[in-house]
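Each value in this text was obtained by applying a stated rule to the coordinates, not by laboratory testing. Computed from a predicted structure; not experimentally measured. Glycine also receives a Cβ, built like all others from the backbone with ideal geometry; neighbour counts cover every protein chain displayed.
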Amino acid sequence: MEHIPTTWYLLLAAILFSIGAGGVLIRRNTLVIFMCVEMMMNAANLTFVAFAREFGSTTGQVFVFMVMTVAAVEVAIGLAILVELYRHVKSVNIDSFDSLKG
Amino acid sequence: MGIELPSLNFGALLPVIIVILTSVMVLIFDLALSDKRPLGWISFVGLMFAGGAGWIQQSMEGFDPAFQNMAITDGYTHFFNLIFVVGAGLSVLVALGYLGKKGLQGGEYYAMLLLATSGMMIMAAGTDLMIIFLGLELMSISLYVLAAINRYSRASLEAGIKYFLLGAFASAFFLYGIALIYGASGSTNLNGIGEGLKAVPKGYEALPLFGLGLLIIGFSFKIAAVPFHWWTPDVYHGAPTSVTAFMSVGAKAAGFAALIRVLTVSFGFDGSMFADNWHVAVATLAVLTMTLGNLTALAQNDVKRMLAYSSIAHAGYVLVGVVTGTEQGISAALFYLMAYAFMNIGAFAVISVLEQQDAIGTNLEEYAGLAGHHRVLAMLMAIFMLSLMGFPMLGGFWGKVYVFLAAIEAGWIVLAIIAVLNSGIAAYYYLRVIVHMYMSPVSDQSHAINLNSAMQVALGLAAFGTILLGVMPARIMDLAASSGLFG
């Protein structure tokens, strides 16, 4: 079977990371921004796994499990805050969260 | 055939373990108690025990690395543990005095505060990027909750969501940086990275350099360095004041703890292009952070927001110490963070006393004539403002002196001059508060000020620490210098 070089995985990860970072900066819907952050984290995960396979070491793979756990916790907290905020603002558009200015 | 269990060396991480157990205890007692104030005192006692454990560790011989080279307990860890215990202890006292007024007294507040503290301690002790990442997340996630803990206040929730979004964004950068460094060096252990990078052939340095850049961006968010600071004023302004006090001191110190260890251990070896590059990058950050923080603070009329910008500027001063990369500069940065813990929490404690409802009562006008109707509070605020400004014989002064001297000695003369000019600019907005308190007529809407015992202890300890560091800085400086990061 044809062997896919590690560089391809790294390139894909870099593209995913850039799309995610661009999305965070451009999109205004908080939920979509959450998803973009997840995409950035998963791009990092893909990089870890690609390198771990290249080196034949497990460190990178173990790291990915840690990241997945942390990402799940982060989203849980983020959504909880967003739900509470929605009760006040009735919107998930980040431009409507503007009571703090100065 | 037996399985040989790895030695974990729990003793080396005793302070962290004590803090985590205390937070679990707080959650359990939360179920049984209807009056939540004892929970604050339990947290305070737990933090004192953690500090005591750190004290005992310090008097003992060096510790072996714990958890398979994942964490280490050296002089550097001890010093930062001391900063975190001081910061968290004072914040608990401020919270005890402040939360009741807001109707926020609850077990989860103290539990989250303790978990954030344990995350900070893990960041300072971590010698593997995996552990530093986990510590960072433990701290950050607890702080997101704390910032948004007043769920009846739109400002607090907005502060929480902003902190969360930018924090998660920064974590992703941090993580991708770790992934690239792992790819370049084949390790996530700080020493292993240093070894691995020495073997990187000439012309292939782009990958680890890019990784290092992303790592520095991730840390810059946490320490609120310009241009990664936009979240700071909004979050510090919107979060409950007792949380802001803790966040501005603890999260910043923890970010610096991990940043300094990573830069010096993994990327500090002589003659490498990495060292040259991060010195320049951090120097640029330091100049931008100091200058922009101070200039924006000049325009603020809200004291809480002004202190948010001032905390950005202070991160710039500490970065000046980091830039040098010398033992003297790092010790100066450590001393600065200790002094900053006392004076900044003190200043926020005064704000929390005067604050009434949501972000009302933090305007500079409210401080007019404060000396007339509450002399002690005005005097304490004056001490904290003067110390933040760098007035001689107070803690903040020696922090600045040590940092600037270290920069000059390491040959960063221009940087030191910019830093001195900046502390001159800063004098204006700190003195403005004092002038308002002492020289303006009493404002009509002045209201009764009630200082409960916890708040009195917090203010007293913060002022005592600020003055003590100013009168006898040498002892703490020796402690910082013996941090042993340079073997």
Calculate the length of the line joining the C-alpha centroid of the range B:340-403 to that of the range A:43-95, in whole Å. 39 Å
Return, ordered by residue number, the residues of the range B:96-115 whose backbone nitrogen is under 17 Å from a label point located 7 Å along Cα→Cβ of B:ASN452. B:96-111
Mean ellipticity per residue at 222 nm, deg cm²/dmol - from DSSP H runs of n ≥ 4 across chain B, formula -39500 (n - 2.57): -24500 deg cm²/dmol
Return the Cα extents of the range A:6-91 along principal axes one, two and three, sorted largest first, each rounded to a whole Å. 51, 24, 9
Any idea what the relative contact order of chain A is, in percent, if you count C-alpha pairs under 8 Å spaced at least 6 apart? 26 percent
Please report how far the C-alpha centroid of the range B:165-213 lies from that of the range B:252-292, rounded to the nearest whole angstrom. 14 Å
Give me, ordered by chain and number, the residues 5 or more places off B:ASN363 or on other chains with an amide H under 5 Å from its own placed amide H. B:VAL303
To the nearest µm²/s, what D does Stokes-Einstein give for the range B:65-130 at 10 °C and 1.306 mPa s, using the Kirkwood radius over alpha carbon pairs as Rh? 120 µm²/s
XL table B:LYS162/B:LYS222; B:LYS252/B:LYS400; B:LYS252/B:LYS304; B:LYS36/B:LYS162; Cα-Cα > 21 Å flagged, in table order, is B:LYS36/B:LYS162
What whole number of Å gives the distance from the Cα centroid of the range B:299-335 to the Cα centroid of the range B:91-131? 22 Å
Scoring chain B by relative contact order with C-alpha pairs under 8 Å, at least six apart, yields a percentage of 16 percent
Tail fraction, Cα-Cα pairs, the range B:255-297, threshold 11 Å, whole percent: 69 percent
Here the whole-number average of other chain Cβ atoms within 10 Å per Cβ of A:25-38 is 2
FRET efficiency (B:ILE56, A:LEU79; Cβ distance; R0 45 Å; to 0.05) is 0.60
Taking max minus min of the Cα coordinates of chain B on each principal axis, largest first, gives extents in Å of 73, 58, 41
Reciprocal mean inverse distance between Cα atoms of the range B:371-487 - Kirkwood radius, Å: 16.5 Å
With n ≥ 4 as the cut-off for DSSP H runs, can you work out [θ] at 222 nm for chain A, using -39500 (n - 2.57) per run divided by the number of residues, rounded to the nearest 500? -27000 deg cm²/dmol
B:LEU31-B:VAL471 pseudo-label distance in nm [points 7 Å out on the Cα-to-Cβ vector]: 4.8 nm
Kirkwood estimate for the range B:327-395, i.e. one over the average of 1/r between Cα atoms, Å: 13.4 Å
What percentage of all Cα-Cα pairs in the range B:221-309 are separated by more than 17 Å? 56 percent
Using a Förster distance of 45 Å, the FRET efficiency for A:THR69-B:VAL442 (Cβ separation, nearest 0.05): 0.25
Quick one: give the max-minus-min coordinate of the C-alpha atoms of the protein assembly as shown along each principal axis, largest first, in Å. 83, 56, 51
Crossing angle, helix A:6-26 versus chain A [Cα axis fit, 0-90 degrees, rounded to tens]: 10 degrees
Throw me the Rg/Rh for the range B:171-234, computed over C-alpha atoms with Kirkwood Rh, two decimals. 1.08
Could you compute the FRET efficiency for A:LEU12 and B:VAL414, with r as their C-beta to C-beta distance and R0 at 35 Å, rounded to 0.05? 0.20
Compute the label zone of B:ALA206 within the range A:13-39: residues whose backbone N is under 19 Å from the point 7 Å along Cα-to-Cβ. A:13-19
Pull up all non-local amide H partners of B:ALA71: gap of 5 or more, or a different chain, and H-to-H distance under 5 Å with H placed in the peptide plane. B:ALA66, B:THR127
Rg to Rh for the range B:154-292: what is it, with Cα atoms only and Rh by Kirkwood? 1.03
Please give, to one decimal in nm, the separation of the simple spin-label points placed at B:MET379 and B:MET48, each 7 Å out from Cα toward the Cβ. 2.6 nm
What is the order of A:GLU38, B:GLU355, B:GLU137, fewest Cβ neighbours within 10 Å to most? A:GLU38, B:GLU355, B:GLU137
